[in-house]
Amino acid sequence: MQNSQADEEKSGIPPTAPLDPPPGYQYSQQKKPLIAQLGEKLAGDRLVLSPRQMNVPVDNVIVRQPPLTDPPKDYLVEAILVTVCCFWPTGIVAIIKAFDAQRGANTGDRQLAELSSREARKFVCISLWLGVAAVVLCLLLLALYVFLLITYV
């Protein structure tokens, strides 16, 4: 007892008293602590589970399919190239579809992989043709400008 008083005087921290409920508040006797609800018991420094908890049946089983062995082409490289060099708005859509094709192949979903591969190819072609059309249009406008410049100067 004298040691604890001496320790209190050294540290300056008063001893803790058990927590009582605030005035006007009563703890429900029917409500058990969460640990008791789960059936767990604390035995010394280790946790002991009741036999009921050790034999918990598994209700949900997740079955994952292996990746596809022959995945369809994902057109990712082509999608990146047309995004950088041709027409970026549809190129970004092509990149997203290419990633969807990869994800479908990695999760074993052949239908998703093939559908996304076809869509990625479609958007790569759209980006390529729009890029080519834009370059041709710019060259035509440049030729027209040079022609008008030479003619009227």
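Tabulated data for the structure shown
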{"item": "Every pair of residues 6+ apart whose Cβ atoms lie under 7 Å, when the first sits in the stretch 130-142 and is under 19 Å from Ile92 (Cβ atoms) while the second is aromatic (Phe, Trp, Tyr)", "result": "Leu130/Phe87; Gly131/Phe87; Ala134/Phe87"}
{"item": "Helices (runs of 4 or more DSSP H) lying entirely in the stretch 54-153 (those with 3 or more residues that are loosely packed, with under 11 Cβ neighbours inside 10 Å and over 25 Å from the mean Cα position of the chain (by Cα))", "result": "110-152"}
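Every number here is computed from the coordinates shown, using simple stated rules; none is lab data. Bear in mind that the values here come from a model prediction, so they are computed numbers and not experimental data. In this analysis, Cβ positions are derived from the backbone assuming ideal geometry, glycine residues included, and neighbour counts consider all displayed protein chains.
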